[in-house]
Each structure stands twice: as C-alpha cells, then as structure tokens.
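One structure is given here, and the rest of the page talks about it.
The values are calculated or read from the model by the stated rules, or taken from the named source; none is laboratory data. Computed from a predicted structure; not experimentally measured. Ideal geometry is used to build each Cβ from the backbone, glycine not excepted, and the neighbour counts take in all protein chains shown.
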Amino acid sequence: MATGRNPSGGISQRKSGPPANPFKSYNFYVEVGGIVVGGFTTVEGLQSKIEVKSLRQGGVNDLEYKLGGQVTYVDLVLKAGITALDPMWLWYQAALNGKIKRQNGSIYLLNDEGNPTVSWNFYNAWPIEWQGPNLDAGQNLVASQSFTLAHEGIKKNSGSGG
C-alpha cells in the first residue's frame, strides 16, 4: 500500500500497483537556455532551506511557536570532463568580462530507457566560479572542470520532464 497526501493536507493510504523503483542518480543531463550544455559527471546543490523563526509569548514558558521565514538556495556545482566545444566556459568567460547573462536551466533525471522522468528547473542562473583540472602526468584520469552557478530558485517537476 502506498501513501500520499489527501485533500485536507494529511497523509492517506492508497492502493495501487507495485511501488516504483527509484531512478538512478547517474542518468541525467543538464540544459541551460534551451541547449544541452554537456555531459556532466556530477551535479551538486539541489537544495533549499526554509528559515525557521521562533516566537515566544510573554508569560507562557512552555510554548514556542515556529514560523516560516525566507527560503535560501545553495549554489549549483556542475562537474564535467573538458572537451574542445565548451559552452559553459564561454558563458563564464562572458561573466568575467562583465557581461553577466542570467539564464534558466533544467536538470533532467532519466529512466532506464533514457526518457526524462523528473526535472529540476533553476532560474536566473549565472556562472560565478570555475575550477580547472588537476594536471598530473602520473595519473590516468579524465581532465575535469567544475562550474558554480548562482541562481534564484529551484522548482521540481514530476512526470515526463522534457
């Protein structure tokens, strides 16, 4: 038996088919400004937090009210191997030159057949940091880089993501 939210806001039990298997975290792609920007090895920072404000009433020592405050978002960090065609570098280079172009983007999680299932849209993002590869002639690793994106929010979409 699966659980879900009922219209009154509580959690209800519903009968359905077998539970869906969770999606694999390695099967995803990233799109910025409507263009797939590369095969990233990791995406970090899919996180938000609601500030909690405490409120106490004078004379009532055993009760503390918890109120919601501002929402904050963690910067996204995208890591990928270095290739000759690099739209993320061009976007970062423009920001370095004072031409900050804010763009919306999406991170699509794929199912085993390669179809988008869940996506996270991020808004008004722009690159704020680049980290290049660690070069070491004694290693046999792919040269990788990372880009950190500041943004103004994330929204999760379920269903057919793209």
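Of everything in segment 44-71, what is under 13 Å from the mean Cα position of the chain (by Cα), closer than 16 Å to TYR123 by Cβ and assigned to a strand (DSSP E or B)? Give them in sequence order. SER48, the sole residue that qualifies.
Evaluate the following for TYR123: is it at pLDDT below 95, part of a strand (DSSP E or B), in contact with a Gly (Cβ under 6 Å, 6 or more places away or on another chain) and closer than 19 Å to HIS151 by Cα?
no
Taking the conditions (1) more than 19 Å from SER146 (Cβ to Cβ); (2) modelled with pLDDT under 90; (3) not hydroxyl-bearing (Ser, Thr, Tyr) in turn, ILE82 satisfies each one other than (1).
Would you confirm whether any residue within segment 73-81 is surrounded by fewer than 13 Cβ atoms within 10 Å (Cβ to Cβ) and among the hydrophobic types (A, V, I, L, M, F, W, C)?
no
The set of residues in segment 32-43 that are among the β-branched types (Val, Ile, Thr) and not in a loop (DSSP other than H, G, I, E, B) comprises VAL32, ILE35, VAL36, THR41, THR42, VAL43. Give segment 112-162 a look and list any residue that's over 11 Å from the mean Cα position of the chain (by Cα), surrounded by 11 or more Cβ atoms within 10 Å (Cβ to Cβ) and on the phi > 0 side of the Ramachandran plot, or say none. Result: ASN124, single match. Any chance segment 81-91 includes a residue that's closer than 19 Å to TYR26 by Cα and among the polar types (S, T, N, Q)? Checked segment 81-91: no residue is closer than 19 Å to TYR26 by Cα and among the polar types (S, T, N, Q).
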